[in-house]
Every structure is written in C-alpha cells, then in structure tokens.
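Worksheet: one structure, shown below.
The values are calculated or read from the model by the stated rules, or taken from the named source; none is laboratory data. Just so it is clear, the model here is predicted, and its values are computed rather than measured. Every residue, glycine as well, gets a Cβ built from its backbone with ideal geometry; the counts of neighbours run over all protein chains shown. Side chains included, ligands, DNA and RNA excluded: accessible areas come from the protein's heavy atoms. Shrake-Rupley method; radii C 1.70, N 1.55, O 1.52, S 1.80 Å.
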Amino acid sequence: MLSVFHPPTAPRSSRRSTSTNRIALAARTVTVLGTATVLGLGSALSGYGTDTAQAAPKAVQPDTYEGQVEVVRGGAEDPEVLTGTVFNDKNEDSTKDRREKGISGVAVSNGIDVVTTDSDGVYELPVRDNMTVFVTQPAGWQVPVDEYQFAQFSWNHLPEGSPDLKYGGIAPTGDLPKAVNFPMAKSKATARTDQSCPIASDTQAYDMTEIGYARDGAVSDLAQREDYGGCGVLLLGDNVGDDLSLNPALKDIYRDTNGPIRAVLGNHDMDFDAPDQSHMADTFRNDFGPTSFSYDVGEIHFVVLNSIEYPLPAGSDRQYNEKITAEHLQWLENDLENVAKNKQIVIASHAPIVNYREMVVDNAPELYELLEGRKVITIGGHTHTLENLPAGSQRAEWAESGIDELPFRQLVAGAVSGDWYSGDLNSEGLPFALMSDGAQPGVMTLDVRGSSITPRYTIRRESDELQMGLGINSPSWREWAEQAQQWQDNDKEGDAPELGDAKVIDRAELESGEAWLTTNFYTGNSESRVEVRIDGGRTRVAEHTQPNTGEELRDGWEWTDPYGATRNLQHDGNVPTNSSHLWRYELPADLSPGTHTAKVTATDEYGREFTETIRFTVTEERTDQTG
C-alpha cells in the first residue's frame, strides 16, 4: 500500500520517504517566496471569513463534568456474564445512588456483542477474557471526562494483565467485579441539532519538542474556539509517534479544548512488542479507551472504527495492514442494528478507506457492502493529505481494487503535524510543514445542521478565509524541480540548483502552451469551481487536475503545485507530483511584457467563495536562468 508509512523500528528520518511518489525526506527547513499569501504569520483567528456563505458557528458551552466509570467490587454472581447499570448521575459523583435512575435503551458493548439497557438501565453482556466494555453515549447525555477532558465511557477486563510490554499496557484487573456502572449527566450541548465537530488527525509528536509545536499550533487554535462544546474533539490517530510514554503529555496539551475529547488508534499508537493482535493496543486502551466505539451527538451517529491490523503473520513484507478485522466488522454490524436506517452516520478511522491515489483499507469493498443503504460519510487521516472526495467519484486505481464508484463521501482530515513538523520555523517558531499535496497543517471540522454535514479546514494559526495557495507552473520551473529532486535524492551533494524568480515567464514559455497559473484550493473537489481574471479582463474557468471521472492518477511535474513543492524542494519535505485539489489555467500566449495581476476566485460545492491574487511578470527572454 502506501510506502510512506514506515515501521517504527526504521530510522526516524526514513519515516516519511517514498520512491513511488517521489517524496523527499522531510527535515526542518522551508523558505517562503513572495506569493499571494504569506504562510504562518499568525493572523487573528476569526472563525468563518467574510467571503464564506455560511454564518460563523455559535459558541456552545460544554456540559462536561469530571468523573469515571463505577466499578462495584465483589464477586460476580455469574463469572461468564458482566452486568451493570447506565444511570443518570444527577449529583455527578460517578456513584450510582439509590435515588439515581437508570437510563433505558442505551447500547453497551464488549467489543463484539452489543446489548441495550432495559427499563431500569440494566445491561448484561457475555464475558470475554480480554475485552474493553463501553457505552454508546446518546444525544442529550454526556459521559464524564477525566482531568484532561478525555471522555470516560469504558472499562478494561484483562484478569492477568498485559504481557511484558515496553509501555506497560493494562495492569491485572482480577476477577470479574459485581457490576460495572456507566454514569452520564443530561446535556443540552449534545442534544443540539447544530454542532461543530473538530477532527484533529496525526498530531504525531515523536518527542517533547514536537509536542510543543502541536501545543502552540493547531491545538492552541482549538483552545481558542468555543463552537464545539457538545461534539468535542476527535483525535484521529497517530496521536504520538511510536513513543507511548508521550501519551500523558499529549493529553495535557489538549486539556484546554472546549468539550470532551476522544481518541482513535493509529499505526504509531500501538504496542509494537505485542505478541499477537489481542494485545497490540493494550497501552492505548489503558490510556484512552477502546479502539472501536460509537457515540451520538445531535442527529449524527459517530462510529470510530479501528483500521489497523497488527502484527501480521511471520514472513509478511509489511509490518501492519490498513484493514478492518472480522472482529471489528462484526461489532460494527451489531452496533448499527440499534441505529435507524435513515440516520446520518460518520465512520471515523485512522486510515482512510480510500484516498485519491488508491484504495487504502485492504477490505474496503467488504465495509462498503456492510454499509449499503445507509447514509454515511467516512473520514480518515494517516496519509497527511487533505481530501474531500464526493460520492460518485471514480478512479481507475479504485476500480482495480473492486470499487467502481465511491458509494459515500470520503474525507481525509489533513494533519496537526502537517508534513511531520518538517521545514524551517516561521515567525511563531513553528515548522512550516506543508503537506505532500501542498496543504498546510490544521484541523478539519464537520459543521452539522440537523443531518447535513459541511466540512471546513482551518489552517494552523490562520482564519478560515485562507483556503488556497497560488503559483506559476512553467517549463523553467519544472526543469528546476527535476534538478532539485535529483539534488535531494543524491543527499544534497554539491550546490543546490538555483530557482531564480519562479513568477517570471518568458515569451517562449507562454507560446508553448505549457505555462499555467495554479490554484491549490485546499478543500476543493470535483464539484468546486475555480475562476481566473487577469488584469481585470474576462473571467476564465481553470481545469481541475484530478477530476475523478474514472481516469488514472495524473502524475508528473506538470500536475504539481509549485506553491507547496517549491518550498519543500528547496529544503526538505514530501513532494509527490500530484494533488487532489489542484487547478491550473493556461496563461494566454499574448500577454504583454511586464507585471500582471491575476485574481482567483474559488467556490466550493456549498457555495462558499474565497478570493486571492497573485502578481507575475512576463519577459521577452529569461535573464535569471535556473540550474
């Protein structure tokens, strides 16, 4: 599958390299050239910009309270059956008092079986020797949180504890207790039909320095927002980078966010010394909770689905697979039996089911078959890209894997870490870290109105008005890009090739018909429209480079975003030669010598409109030759 994802035992510098996509090793430096938008200047956070078609989300105060699941000690009446009560914790002390009533109809699971509580809030579940038992929070209720704001809705049962693991795993839990009770409090915030639900993917800090970058970057943005108190934050996996001793530090930097926090297991969050799949997530389960679970907010049923299979059989050429195992598929099928057929479902998994380059999850067709007839949006992280692929999209690469047409919208949520915190530091001391598709570090938010969901992406330390980067893709730039790639591939031997002014085009380049103004519209897709006006002239429509109509991936320097690629090629960073959200407009051959201004307006499928400008210069002949 994706060769960019390396085993944790590989040298740190190799974790972001690939030859297939011509991705260079990511380190720490990026140079900003003069373009329409300067990166990382820390503009004030202002929610939706004035150019958008939707009003800014309203502040939502969370109904969270600190507490925990209640474990009633004493021997169980039947060691094969776990019982307990889901109850209204009116005094918010996490203890079921005699006057506190149970809540009926709430789903409780042992990771495979799903039951619902009776009229008294009581449940009974079959016991598994190694299980995480959890409750599905209904809309209108709120489970307690710990001191870090992480939702408390599960309990681990592992009588003998984990095997000897580097990061500890789960301590012995002993015999089955008399009861496990799940407290909840009534919540106006989770009952609201309008919600904002941030998805923070791939914080992926490998050390405390990178924990600090996350704290002062996209996590700081979340701490300043007040629009998601009901839904809370979902951390979409690769929360740390192999070193699970960083889990407490990760939780600490998120503690000031507004609303409950839940976490997804990523391929860098596992116990890599686990002897088998049953223990691959023991430390994660101890620190965060189950690897698959669900919860309701407003009119949406959220499902977190583990998409990582590890370890693989001896002799496998991969360390892990992006796959949903039979156990998790069975749980999902059982979970959905309690969900109305017409209810909107969001399936969140670390690995996206597909991305614009390929099918990612090995058994994607099997998952799609299980979800057939449902209203579903899938969202993933993992690839450090930002994508919005509508239902009905077609790719030759998907068809080869058994998916003729995308049945549901697929979102890829970008990354808090961007391109693994690569690049030079900006004026705020944060790595530029432009991602492999040219997008910048940030957080995706699902804005919910009833059962309607609108995604938006907030670039780290920027307002929502910043949604695109503009550049010039010319023959001379492509010649330089090829040289710069070879320089990186040769471990930067000799002097770096000089670019000169990337926004100068000569007459011969214009007349070749191979010089384009490029627009990287970060949240754009095949249903978006990008228009260009040069020097106040007629409005022209730009071409979407990856229209998703069944074609093969369009790959090569001519399909590249020079705005992002230039920065990563000059220093370090992942630079594949394609992007799902890149448009290009062929520059007219009759442009006169001198400086020109292009105004670019991008309109997404929801009617939100964004505008940027770029200035470039036409000459009769180039005087600043590259190379």
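Give me the accessible area per residue for the chain, probe 1.4 Å, as a whole number in Å².
I get 36 Å² per residue for this part.
Leaving out same-chain residues fewer than 8 places away, which lysines sit with a Cα under 17 Å from that of Lys492?
Output for Lys492: empty list, no partners.
Taking segment 122-179, which GluC sites (Glu not before Pro) meet the DSSP loop condition and have no more than 16 other C-beta atoms within 10 Å?
Glu147, Glu160
Please list, or write none, the aspartates and glutamates whose alpha carbon is within less than 12 Å of the alpha carbon of Lys343, excluding same-chain residues fewer than 8 places away.
Hits, sequence-local ones excluded: Asp296, Glu299.
Considering the alpha-carbon set of the chain alone, what are its Rg and its Dmax in angstrom?
Expressed in Å, the Cα Rg and Dmax of the chain come to 25.2, 90.
Would you please give the FRET efficiency between Asp362 and Thr619, computed as 1/(1 + (r/R0)^6) with r the Cβ-Cβ distance and R0 = 35 Å, to the nearest 0.05?
Taking R0 as 35 Å, the efficiency between Asp362 and Thr619 is 0.10.
Is there a pair in Lys188/Lys375; Lys101/Lys323; Lys96/Lys341; Lys58/Lys101; Lys166/Lys251 whose C-alpha atoms are over 31 Å apart, and which pairs would that be?
In this structure, Lys101/Lys323; Lys96/Lys341; Lys58/Lys101 exceed 31 Å between Cα atoms.
Long-range amide H contacts for Gly161: which residues qualify at under 5 Å (H placed 1.01 Å from N, peptide plane, sequence gap of 5 or more or a different chain)?
Placed amide hydrogens put Thr173, Gly174 under 5 Å from Gly161.
With just the Cα atoms defining each centre, how far is segment 85-123 from segment 437-513? Give it in Å.
51
Enumerate by residue number the trypsin sites (Lys or Arg not before Pro) in segment 498-602 meeting two conditions: DSSP loop (anything except H, G, I, E, B), and at most 12 other Cβ atoms within 10 Å of the site's Cβ. It would help to have the intermediate numbers written out before the result.
Details: sites: Lys503, Arg507, Arg529, Arg533, Arg538, Arg540, Arg554, Arg567, Arg584, Lys599; in loops: Lys503, Arg538, Arg554.
Answer by residue number: Arg538.
What does the charge dipole of segment 485-614 about its Cα centre add up to, to the nearest 20 debye, if the Cβ of each Lys and Arg holds +1 and the Cβ of each Asp and Glu holds -1?
Using only the charged Cβ atoms, the result is roughly 600 debye.
How large is the dipole of segment 169-312 about the Cα centre if only Lys and Arg carry +1 and Asp and Glu carry -1, each at its Cβ, rounded to the nearest 20 debye?
So the magnitude is around 820 debye.
So what's Rg/Rh here for segment 407-501, counting alpha carbon atoms and using the Kirkwood radius for Rh?
Reported Rg/Rh, Kirkwood definition of Rh: 1.08.
Treating only the Cβ of Lys, Arg, Asp and Glu as charged (+1, +1, -1, -1), what charge dipole size does segment 54-98 show about its Cα centre? Round to the nearest 20 debye.
Details: 5 positive and 10 negative charges, 52 e Å.
That gives a dipole near 240 debye.
Mind listing which trypsin sites (Lys or Arg not before Pro) in segment 274-377 are in a DSSP loop and have 16 or fewer other Cβ atoms within 10 Å?
Answer by residue number: Arg318, Lys341, Lys343.
With both bridge residues required to lie in the chain, what share of the DSSP beta bridges run antiparallel, to the nearest 5%?
About 75 percent, rounded to the nearest 5.
Between Val60 and residues 5 or more places away or on another chain, which pairs have amide H atoms under 5 Å apart, with H built 1.01 Å from N, and which residues are they?
Amide H neighbours of Val60: Asp227, Tyr228, Gly229.
Ignoring ligands, DNA and RNA, what percent of the 1.4 Å accessible area of the chain is carbon and sulfur?
44
Taking θ = phi - 60°, what integer Hz values does the Karplus form 6.51 cos²θ - 1.76 cosθ + 1.60 yield along segment 549-555, in sequence order, with x for Gly and Pro?
So the Karplus estimates, Gly and Pro as x, are 10, x, 6, 6, 4, 8, 10 Hz.
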